[in-house]
Amino acid sequence: MNFNNYDMRILERIRHFDQMFCLSERMLLGRERLYPMKQKLAELFAADQKIKQAQRPERWQQLKTLTFFAIAAFLLMSLVNAIQHSYGMLITTLGSAGILGLNLCQSWKEQHIEVMEDTFFGLLLLLFTGYILLGGNHGFALLWVVFVPFMFMTMIDLKKGLTLSIYFLLLLFLTFHGPFRVLVRFPYPETIRYRFPMLYLVDCVMSFYIVQRLVFDRYRLLDAQVQLRKASFVDAATGLQNRSSYTRFVSETDPSTFIRLSVIYIDVNGLHELNNRLGHAAGDEMLRFVAEACVKQFPQAHVFRLGGDEFLILCPVGTKEEVQRWVEQLNATVEAAGYTIACGVESRMDHFDIEDMVSIADARMLENKADYYRARDRRKR
């Protein structure tokens, strides 16, 4: 088949567009592959930050211990450098110990964890950059770089440790095999120049793999602990705060913060009989209904299930008359569903002794409950 020049140009353009389409497709596929990695990295950093916030006191102790060990190590190296008359290295090790010591003293009272992390980051960045370029201690100081990835990512900060590790990895390749070779002031052996960057690469990859597993495992453990702690203060049947939560509320609340306070003590009538007649599922349904009715009627109050058929409402709003009207509306809502409750109310505008108010409301609830059963017995006769 013969093609003229016009046909050849058309075929050439088709091939060109086909190549462009294939290139665009490969770029899109590459971005799709990178997106899960980017998302995973974001999740890792977020998990690490949540762990750091939840374990701030432990982090301070860990960072303080690490600083003491680092100061001791620098002082020990200073002694060795002095014995070997390596005065350049002596200045760097003594200076590093002094910087860490001053930073620890300044951060001790206020526990400035972030300041100490930044000090470690800047110190190691400058110190090991100098060791790599100048070949301190006849090149031996280069070996200290291998401790950076795992130590920094686990004991100081994951994101800063990863940044520092990547920086040293690039620096090693650029100084030993790239344009930064002119900056190196020590004649490293060829074995070191070729093997050490690869060793450090393996060190970074293995450290990051181990650390990210540790972070996600610690985050799952922390999340389980948080959920367990929340569950210990929540009633499983109704979803309300339980007696432990009420005890914590009383111990942690300053009564002087209240302008007014009403305590409503509630007991569900006939729960035991309903459980015996229709089963515990019916009893649980009644408790859930009463709990939902309490929350809807008193949306600004703290509602607790103290156990069994007893509920407690601590309402910081409303006058005595308003609270009494809300209680009557709650009674009407519960009775419309075929249930009944006994209530006792104590309202005050001063002298907010919560335990005393609960005792008074409880006594009034018992009187109301006794009246209910006496009236029921009269109806049966």
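The values are calculated or read from the model by the stated rules, or taken from the named source; none is laboratory data. Source: prediction; values computed, not measured. In this analysis, Cβ positions are derived from the backbone assuming ideal geometry, glycine residues included, and neighbour counts consider all displayed protein chains.
Could you tell me which residue of segment 164-191 is modelled with the highest pLDDT, considering only residues that are closer than 30 Å to residue 119 by Cβ and either of a type in the set (Val, Ile, Thr) or more than 42 Å from the chain's Cα centre (by Cα) (or both)?
Step by step, filter segment 164-191, then rank; the result is 166.
Could we say that residue 200 is more than 20 Å from the chain's Cα centre (by Cα), of a type in the set (Phe, Trp, Tyr) and exposed (fewer than 12 other Cβ atoms within 10 Å of the Cβ) here?
Details: more than 20 Å from the chain's Cα centre (by Cα): yes; of a type in the set (Phe, Trp, Tyr): yes; exposed (fewer than 12 other Cβ atoms within 10 Å of the Cβ): no.
Against the criterion (more than 20 Å from the chain's Cα centre (by Cα), of a type in the set (Phe, Trp, Tyr) and exposed (fewer than 12 other Cβ atoms within 10 Å of the Cβ)), residue 200 does not qualify.
Name the residues in segment 118-138 that are surrounded by fewer than 19 Cβ atoms within 10 Å (Cβ to Cβ) and within 31 Å of the chain's Cα centre (by Cα), would you?
Correct list: 118, 121, 122, 123, 125.
In segment 254-273, which residues are out of contact with any strand residue (DSSP E or B) (no Cβ under 9 Å at 6 or more places or on another chain) and in a helix (DSSP H, G or I)? Break it down into steps so the answer makes sense when it comes.
Step one: filter segment 254-273 for residues out of contact with any strand residue (DSSP E or B) (no Cβ under 9 Å at 6 or more places or on another chain), giving 254, 256-257, 259, 270-273.
Listed by number, the residues that qualify are 256, 257, 271, 272, 273.
Just to be sure before I move on: is residue 262 touching a Pro at 6+ places or on another chain (Cβ under 9 Å), polar (S, T, N, Q), outside the structural domain of residue 167 (by TED's automatic domain parsing) and surrounded by 14 or more Cβ atoms within 10 Å (Cβ to Cβ) in the structure I sent?
So residue 262 fits the description; yes.
Among 322, 335, which is of a type outside the set (A, V, I, L, M, F, W, C), surrounded by fewer than 13 Cβ atoms within 10 Å (Cβ to Cβ), under 23 Å from residue 296 (Cα atoms) and without any contact (Cβ under 8 Å) to a residue 40 or more places away in the chain? Working first, answer last.
Values: 322 fails: surrounded by fewer than 13 Cβ atoms within 10 Å (Cβ to Cβ).
After applying the criteria, what remains is 335.
Consider only pairs whose beta carbons are under 6 Å apart and that are at least six residues apart or on different chains; among these, list those whose first residue lies in segment 121-145 and is free of Cβ contacts under 8 Å to residues at least 24 places away in the same chain and whose second residue is of a type in the set (Lys, Arg).
Close Cβ pairs (under 6 Å, with a partner that is of a type in the set (Lys, Arg)) do not exist here.
Going residue by residue through segment 315-327, is there one that turns out to be more than 23 Å from residue 360 (Cβ to Cβ) and assigned by TED's automatic domain parsing to the domain that holds residue 250?
Residues of segment 315-327 that are more than 23 Å from residue 360 (Cβ to Cβ), as a first pass: none.
No, the conditions are met nowhere in segment 315-327.
Could you give every pair whose Cβ atoms fall below 8 Å, whose first residue belongs to segment 270-298 and is farther than 12 Å from residue 340 by Cβ and modelled with pLDDT under 95, and whose second residue is in a helix (DSSP H, G or I) and of a type in the set (Gly, Ala, Ser), counting only separations of at least 6 or pairs across chains?
Close Cβ pairs satisfying both conditions: 275/282; 275/283.
Taking only segment 203-224 into account, find how many residues are surrounded by 12 or more Cβ atoms within 10 Å (Cβ to Cβ) and either farther than 28 Å from residue 172 by Cα or not assigned by TED's automatic domain parsing to the domain that holds residue 162 (or both).
We begin by selecting, within segment 203-224, every residue surrounded by 12 or more Cβ atoms within 10 Å (Cβ to Cβ); these are 203-208, 210-212, 214-216, 218-219, 222-223.
From what's left, either farther than 28 Å from residue 172 by Cα or not assigned by TED's automatic domain parsing to the domain that holds residue 162 (or both): 216, 218-219, 222-223.
Residues meeting the conditions: 5.
If I ask for residues that are surrounded by 14 or more Cβ atoms within 10 Å (Cβ to Cβ), of a type in the set (S, T, N, Q) and assigned to a loop (DSSP other than H, G, I, E, B), which ones from segment 225-241 would you list?
Once the filter is applied, which keeps residues that are surrounded by 14 or more Cβ atoms within 10 Å (Cβ to Cβ), of a type in the set (S, T, N, Q) and assigned to a loop (DSSP other than H, G, I, E, B), segment 225-241 yields only 238.
Which of the strands (runs of 3 or more DSSP E) found entirely inside segment 274-359 contain at least 1 residues meeting this: basic (Lys, Arg)?
Numbers: elements: 302-307, 310-315, 341-348.
Filter on segment 274-359 gives 302-307, 341-348.
Restricting to segment 351-379, give me the number of residues that are more than 18 Å from residue 339 (Cα to Cα) and without any contact (Cβ under 8 Å) to a residue 40 or more places away in the chain. Spell out the reasoning first.
Keep residues of segment 351-379 that are more than 18 Å from residue 339 (Cα to Cα), which gives 351-364, 367, 378.
From the residues that got through so far, the ones that are without any contact (Cβ under 8 Å) to a residue 40 or more places away in the chain too are 351, 356, 359, 363, 367, 378.
So the count comes out to 6.
Just to be sure, is residue 244 touching a residue at least 40 places away in the same chain (Cβ under 8 Å), in a helix (DSSP H, G or I) and of a type outside the set (Val, Ile, Thr)? Give the derivation first.
Values: touching a residue at least 40 places away in the same chain (Cβ under 8 Å): no; in a helix (DSSP H, G or I): yes; of a type outside the set (Val, Ile, Thr): yes.
It is false that residue 244 is touching a residue at least 40 places away in the same chain (Cβ under 8 Å), in a helix (DSSP H, G or I) and of a type outside the set (Val, Ile, Thr).
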